[in-house]
C-alpha cells in the first residue's frame, strides 16, 4: 500500500490540506476559506474555532478525494500564516478572543511606547526584528493590557499563547503546547542566537513566560494526531515562508526564493549564522531539522501583493476573478504613466513605515482600467525589486536568479515583468505549492519517509522560466517613477490626529 | 402559446447559432440559416450588440457572442483563470510523466496554448504560452474539436499537413474525432511534427462543457519505446484532466 505525506497549510485566507507522494507530486488538495473579520479600520481578525473546523474538513476532503486512509499517511506536517496571535483557555481548549492577524495594526501606538525612546531597533540585536505591528509579541502585550483579567491566569499557565501552528498542533494532538523555531522567531520574544524565550524582552513587554509554548525544531515528531488522522505522527511545523524556502530546497547558503501570495516574501538562506540587516530586512530562522544546527535567513517581507489584486476584484469590481487581471492588463501595452503603491497598512520591507498609506499616482484622463490593472501587477514587481536591492546590499552578493512560487506565478505577464525589472531570470519550480511541499518535506524527513535533503533536491525541477527583455533605460525610468510614487505614500498618517 | 414575443425568439435563435460556431458569422449567413430577411436579422443584431450580447469583428464585419453574454451564463472561462486553476495538476502531470505539459483552448479554429510546464529534466526550454497550434493534427486540438458542435466549420480548408502522418481528409478527421469522443482522449502520432507524440484529454466545467484540453508531448523514442505507447501515459493525462475538471465543478465519476 502506497504511503503518503500530508501537509496542512493554515493560511491567511484559507486552510488547505495537500497529500504528496514520494516524488513530491501532489495527489490531492482540499481547501476552505475562512472569514476575514474587520472590526475597525486597521484591525483584522480570524475566528480560530472556524479555522480548526475548516482544518478538520480539508483533511477529511483531501483523504476522501483519493480514498486514502489514515494508515497510508506516514506523517503530517503543518505550515501556517505567521505572527497571527491567539490566546486560549488550557482547561476548555477554547479561544479567548478572535485571533489577531499579522496584518492588524492595532498595536501601532503600543509599539511606539515599547520603543522607549530608542525606537524600532530596540530589540533587533536580540530577536532580529524591528518593533512593528506585524509581530506576535506586541499583539500578546496588547491583549493582556486590554483584558487584565487574563493576566493572573496567564501567569499560572492557564491561558496559553500560540501562533496558528501551535493552535493546530494543540487541537490535533489533544493538548501538546509547542511551537517551532521558525514561528517563534516571528514573535520578537525569542533570542535569535540562543533560540530560547528572551527574559529581558518578556519583561519589557510584560508577558508571562508560563503562557508560552515550548520551542522545538521544525522537523521532529511533536506528538500523535487524534481524530480522523488518529495515530499519524505530527512531525513538522514551519512558518509559511520558511516552509516555502524548504519546499524550494534552498538548503545552501546564498539560495533565495520569493513566494507570491496575499503578501510576498523573499527569503535568502544565510547558513548557520544570523546576519543582521542594515537595510530593513528581517533576521529569521529558516529551519531546524531535528536537533541539528539551525539555518538562518534574511527576509524581505512585502505586506500587499496578491491582496492588491483581491482588492481590485472585490472593492473596485473591475474583474470577477483574480486571474482576469492578466486579461485586463493585456488590453493595454503599458501602465500609461500610472503607479499604484499599496501601502494599505503602511509599508513593510525595506521601508517599515507605518505612517504610509496607499496612493494611485499619475492619473490622467488617458488612464483606463487596463492601465490600472497593469499598475496593480507592476506594484508587486517593483516591491520585489526594492527588497532584492536591500538583500544585495546586506549580503554583498548580487542575486543571479530568482526562484518564485505561490499562486501569482500563474500570471505570465507579472512573471515576465518581474524578470524585466530585476534584470535576472525568474524560475518557477514544478510544484508551485512550495509552502505545503516544504511542510511535507520536513515531516517526511522527520519520520524517515525521505532519507536526506539530497533526495529532496532531486525532486526539484524547473517548470517555467522567464528572461529579462526590458531595455535598461526603460527599467531605470520606470524604477525612478515607482520611487517617486513611494515617496508620496509617506507621512500620510499623523499620529497625534488619529 | 399566447404572449410569446417573436423578436425575442428570433434573437434567441441568433444567439444559439452564434454559440454553436466559434468563428464569427456574417448577416447573410445568419439570415440564410434562419430563413429570415437580412434587414430583420441586422436589426436584432444591432440591439444585441447594444446590450453587449454580441460583438462585431471590426475587420470582417461578422458577429460573434459578446463578453457580457459569455459572463452571464458562466460559460466563459478566461484562459488565465484556466491556467491558475490547472497549475497544480499540470505540474503533477509533468512530474509523473516526465514530459512537457500544455493546456490549450480553441481560438478561431486553432489551439491557443494557455499554459506550458517544462519537461522536468532541467534542460533549456522556452515557454510557449500564447502560441497558436493547428487543431486537426495535435492531440490538444483533436480533443477540443471532438467536443465542438461544428468542428468542420472552424477548420481551414484544405487541411494542411505539417508532417506526413497528418490527417488531411475531412471524412477521416470526422472518424478520428468520433474515436476521440469514444475513448475520451486523443493521440497525435507524429502528425504535427515528425518524431513527436502527444496525448491529451478534455477539461470540463460544471455543466460538462469542454473548456480546454491538457496533454503531454515528447519524442517517439521516449513515449513509444518498443513500438507501443507508454502504458502509464493515458491514465496520467486523464487523471490530471479529471482533477482539473473536478476543481471546475464537473461532477465526479
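Just a few scattered comments:
- Lone unmet requirement of (1) closer than 21 Å to residue B:153 by Cα; (2) surrounded by fewer than 16 Cβ atoms within 10 Å (Cβ to Cβ); (3) touching a helix residue (DSSP H, G or I) at 6+ places or on another chain (Cβ under 9 Å) for residue B:35: (3)
- One residue stands out among those in region A:305-359 that are within 11 Å of chain B (Cβ to nearest Cβ) and surrounded by fewer than 17 Cβ atoms within 10 Å (Cβ to Cβ): the one that is nearest to the chain's Cα centre (by Cα), which is A:321.
- Top-ranked residue of region A:381-401 - restricted to ones that are within 18 Å of the chain's Cα centre (by Cα) and within 15 Å of residue A:297 (Cα to Cα), ranked as surrounded by the most Cβ atoms within 10 Å (Cβ to Cβ): A:387
- Considering A:262, A:320, A:364, the condition of being free of Cβ contacts under 8 Å to residues at least 24 places away in the same chain and assigned to a loop (DSSP other than H, G, I, E, B) is satisfied by A:320 alone.
Residue by residue, here is whether (1) in contact (Cβ under 8 Å) with a residue 60 or more places away in the chain; (2) more than 29 Å from the chain's Cα centre (by Cα) holds:
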{"residue": "B:6", "(1), (2)": "no, yes"}
{"residue": "B:13", "(1), (2)": "no, no"}
{"residue": "B:16", "(1), (2)": "no, no"}
{"residue": "B:20", "(1), (2)": "yes, no"}
{"residue": "B:31", "(1), (2)": "no, no"}
{"residue": "B:36", "(1), (2)": "no, yes"}
{"residue": "B:40", "(1), (2)": "no, yes"}
{"residue": "B:46", "(1), (2)": "no, no"}
{"residue": "B:51", "(1), (2)": "no, no"}
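- Being assigned to a helix (DSSP H, G or I), under 19 Å from residue A:36 (Cα atoms) and more than 21 Å from the chain's Cα centre (by Cα) is a description that does not apply to residue A:109.
- Qualifying positions in region B:76-98 - in a loop (DSSP other than H, G, I, E, B) and either at the interface with another protein chain (Cβ under 8 Å from one of its Cβ atoms) or over 15 Å from the mean Cα position of the chain (by Cα) (or both): B:78, B:98
- Any strands (runs of 3 or more DSSP E) falling wholly within region A:2-102 and containing at least 3 residues that are more than 16 Å from residue A:171 (Cα to Cα) and more than 14 Å from every other protein chain (Cβ to nearest Cβ): A:73-80
- Within the option set A:408, A:391, A:430, A:415, being within 14 Å of chain B (Cβ to nearest Cβ), in contact with a strand residue (DSSP E or B) (Cβ under 6 Å, 6 or more places away or on another chain), touching a residue at least 24 places away in the same chain (Cβ under 8 Å) and under 30 Å from residue A:111 (Cβ atoms) holds for one residue only, A:408.
- Selected residue (only one of A:143, A:131 is in a loop (DSSP other than H, G, I, E, B), free of Cβ contacts under 8 Å to residues at least 60 places away in the same chain and crowded, with 22+ Cβ neighbours inside 10 Å): A:131
- Scanning region A:151-172 for residues that are farther than 16 Å from residue A:97 by Cα and in a loop (DSSP other than H, G, I, E, B) yields A:156, A:157.
- Flag if residue A:283 is out of contact with any strand residue (DSSP E or B) (no Cβ under 6 Å at 6 or more places or on another chain) and in a loop (DSSP other than H, G, I, E, B): no
- Out of A:182, A:221, A:194, A:272, sole residue that is out of contact with any strand residue (DSSP E or B) (no Cβ under 8 Å at 6 or more places or on another chain) and on the phi < 0 side of the Ramachandran plot: A:194
- Residue A:495 vs. criteria within 14 Å of chain B (Cβ to nearest Cβ) and either touching a strand residue (DSSP E or B) at 6+ places or on another chain (Cβ under 9 Å) or modelled with pLDDT under 90 (or both): no
- Candidates are the residues of region B:114-136 that are assigned to a strand (DSSP E or B) and more than 11 Å from every other protein chain (Cβ to nearest Cβ); the one that is farthest from residue B:85 (Cα to Cα) is B:134.
Listed here are the residues, each with its yes/no results for (1) modelled with pLDDT under 95; (2) on the phi > 0 side of the Ramachandran plot; (3) in contact with a helix residue (DSSP H, G or I) (Cβ under 8 Å, 6 or more places away or on another chain).
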{"residue": "A:147", "(1), (2), (3)": "yes, no, no"}
{"residue": "A:150", "(1), (2), (3)": "yes, no, yes"}
{"residue": "A:153", "(1), (2), (3)": "yes, no, no"}
{"residue": "A:161", "(1), (2), (3)": "no, no, yes"}
{"residue": "A:165", "(1), (2), (3)": "no, no, yes"}
{"residue": "A:168", "(1), (2), (3)": "no, no, yes"}
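- Test set (1) in contact with a helix residue (DSSP H, G or I) (Cβ under 6 Å, 6 or more places away or on another chain); (2) under 30 Å from residue A:217 (Cα atoms); (3) at pLDDT 95 or above - residue A:428 fails condition number: (3)
- Some residue of region A:104-118 being in contact with a strand residue (DSSP E or B) (Cβ under 9 Å, 6 or more places away or on another chain) and crowded, with 24+ Cβ neighbours inside 10 Å: yes
- Candidate set: region B:1-19, residues that are exposed (fewer than 13 other Cβ atoms within 10 Å of the Cβ) and assigned to a helix (DSSP H, G or I); chosen: the one modelled with the lowest pLDDT: B:16
The values are calculated or read from the model by the stated rules, or taken from the named source; none is laboratory data. Only a predicted model underlies this, so the values are computations on that prediction, with no experimental measurement involved. Here Cβ is always computed from backbone atoms with ideal geometry, including for glycine, and neighbour counts include all displayed protein chains.
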